[in-house]
Amino acid sequence: MMDPARLDPARFDPDAFLRDHWQRRPLVLRNPWTGWSNPLPADELAGLACEAEVESRLVTGAAGAWRMESGPLPEHRFAELTGAPWTLLVQAVDQHVPEVAALIAAFRFIPDWRIDDVMVSYATAGGGVGPHFDQYDVFLIQGAGRRRWQLGGRCDDGTPLLPHPDLRLLADFGVEEEWLLEPGDILYIPPGIAHDGVALDDECMTYSIGFRAPSRAELIEGWTDHLLDALGDDAREDDRYADPGLPRQDNPGEITPDALARLQSMATAALLDAEGFARWFGQHSTRPKYPDIDWRPERELAADDIRAAIAAGAPLVRNPAARMSFIRQGGTDLLLFVNGTCLPCTGSAATLAERLCAAGGEPVRPGTVDDAALSLLLALVNDGAAGFDAD
């Protein structure tokens with residue numbers, strides 16, 4: 001299989017894209033890959049939809065009569081799908097299929113913490129999920145077959161929707177642009193743009209790379225919940241409002257500006273802790289999408305196992321399912337966040353952490369490691385976030 005994860009620089013300029021299109025306007029790229037081959041057979045996608053730990057949906061019917069079923073799906077369900085068009089959608093396929101995870105490498109000109117997952121859809125002719133809009137950026141890669149995409153105007157939370165128990169379908173969809181995508185073509189859609197994709201062939205496959213965009217409400221809720229949890233553990237009974245030297249008021253019914261300032265300071269001091277927020281967000285943004293999946297090795301490795309792998313020249317490879325980011329701490333120190341865990345790194349460990357984050361899916365050869373780097377490698381490998389390639 002040809003490597004589908006490389007975009008031809010002669011046909012795609014990431015800097016121009018970020019300047020002119022990212023979160024501004026749609027863009028169609030006509031097969032900009034150095035070599036395109038559909039990375040996932042349809043029967044393997046169907047097999048994933050039958051597994052309990054994989055999130056999947058089946059949408060049957062055509063315009064005006066869509067029905068949705070949530071997975072896992074029984075194997076015999078696909079044999080029953082005759083006549084009416086249908087679409088299978090499987091979330092986070094990149095966490096289960098390395099060839100699909102490799103697609104992400106082409107889009108790493110956008111920070112890793114923004115990347116959500118790769119959803120893969122399979123549809124028969126006429127299949128689709130109806131006109132809708134998303135609150136996030138998405139690259140739609142046509143893997144096999146052809147799909148017609150129609151785009152409309154910009155939507156928001158006040159845009160009218162059709163009554164439907166499972167699908168968020170637009171009540172009014174006006175077509176402003178239309179494209180036909182063939183294998184290897186890419187359509188970028190910014191947040192809030194109405195769109196509708198319909199398969200023109202049987203065995204139509206589309207890969208959707210979505211990007212997370214936390215809302216203000218989600219950030220406030222997550223940060224304050226974290227602070228409240230911390231207060232619950234460390235709360236002091238004497239950590240209360242105090243006003244020594246209280247002057248006598250002309251009117252005891254007034255809440256004075258001085259009292260309000262003291263109260264607001266009590267409530268906001270922790271909220272304004274920039275270092276604490278950074279650590280919380282690093283952990284929050286790297287939490288596994290599906291935390292119940294256990295990627296740890298069957299046998300916990302020891303330091304000697306790590307040294308033996310390095311001596312044998314085995315490269316270190318990140319688990320495609322691992323979420324990994326870092327925040328600099330000044331100088332050469334950094335905080336590495338892996339699957340919701342914070343790992344402070346200094347010296348050689350910080351250098352290795354940066355190399356691993358930069359490499360993405362590419363193998364890294366650690367070389368000679370000291371105790372700090374060895375400790376980091378042990379934590380990553382035993383967590384299942386990385387492993388040595390024995391081949």
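All of the numbers you see were taken from the coordinates with simple rules; none came from a lab. Please read these numbers as outputs of a predicted model, since none were measured by experiment. Glycine also receives a Cβ, built like all others from the backbone with ideal geometry; neighbour counts cover every protein chain displayed.
With the biggest extent put first, the Cα atoms of segment 1-129 measure 47, 32, 27 Å across the principal axes. Positive end of the charge dipole of the chain (Lys, Arg +1 and Asp, Glu -1 on Cβ, about the Cα centre): tell me which of SER37, ALA10, MET205 has its Cα farthest that way. Result: ALA10. Loop-resident trypsin sites (Lys or Arg not before Pro) (DSSP state other than H, G, I, E or B) in segment 286-369 with no more than 12 further Cβ atoms inside 10 Å of their Cβ: ARG299. Applying D = kT/(6 pi eta Rh) to segment 178-280, where Rh is the Kirkwood radius over alpha-carbon pairs, T corresponds to 4 °C and eta to 1.567 mPa s, the Stokes-Einstein value obtained is 65 µm²/s.
Return the inverse of the average 1/r over all pairs of distinct C-alpha atoms in segment 91-242, which is the Kirkwood hydrodynamic radius, in Å to one decimal. 17.9 Å is the Kirkwood radius here. With neighbours defined as other Cβ atoms within 10 Å of a residue's Cβ, the residues ASP196, ASP172 order from fewest to most as ASP172, ASP196. Applied to segment 7-18, the Karplus parametrisation 6.51 cos²θ - 1.76 cosθ + 1.60 on θ = phi - 60° returns per-residue 3J(HN,Hα) values of 8, 6, x, 6, 10, 8, 10, x, 5, 5, 5, 4 Hz, with x for Gly and Pro. Averaging the sequence gap over all C-alpha pairs within less than 8 Å and six or more residues apart, then dividing by the number of residues, gives segment 21-154 a relative contact order of 24 percent. Computed extension length for ALA311-ASP370: 19.9 nm, one decimal, from 0.36 nm per residue of separation with the Cα-Cα distance subtracted.
A viscosity of 0.890 mPa s and a temperature of 25 °C, combined with the Kirkwood radius over C-alpha pairs in the Stokes-Einstein formula, give segment 303-388 a diffusion coefficient of 193 µm²/s. Here the gap between GLU177 and HIS164, fully extended at 0.36 nm per residue and compared with their Cα-Cα distance, gives a gain of 2.1 nm. With one equal scatterer per alpha carbon and no solvent term, the Debye-computed log10 I(q)/I(0) for segment 102-164 at 0.27, 0.30 1/Å reads -1.31, -1.40. Relative contact order for segment 303-388: 39 percent, from Cα pairs under 8 Å spaced at least 6 residues apart, divided by residue count. Give me the dipole magnitude in Debye, nearest 20, for segment 1-107 about the Cα centre, with unit charges on the beta carbon: positive for Lys and Arg, negative for Asp and Glu. Taking the Cα centre of segment 1-107 as origin, the dipole is about 600 debye. When only Cα pairs below 8 angstrom with a gap of at least 6 residues are kept, the chain shows a relative contact order of 14 percent. FRET efficiency for the pair ALA230 and ARG114, taken as 1/(1 + (r/R0)^6) with r the Cβ-Cβ distance and R0 = 30 Å, rounds to 0.65. Binning the C-alpha pair distances of the chain at 10 Å intervals from 0 yields a P(r) profile of 4, 19, 25, 23, 15, 8, 4, 1, 0 %, listed from the shortest bin outward. Compute the distance from the alpha-carbon center of segment 216-289 to that of segment 51-88, in whole Å. Value for the Cα centre distance between the two parts: 48 Å. Extension gain for ARG67-ALA105 works out to 10.2 nm (0.36 nm per residue, less the C-alpha to C-alpha distance).
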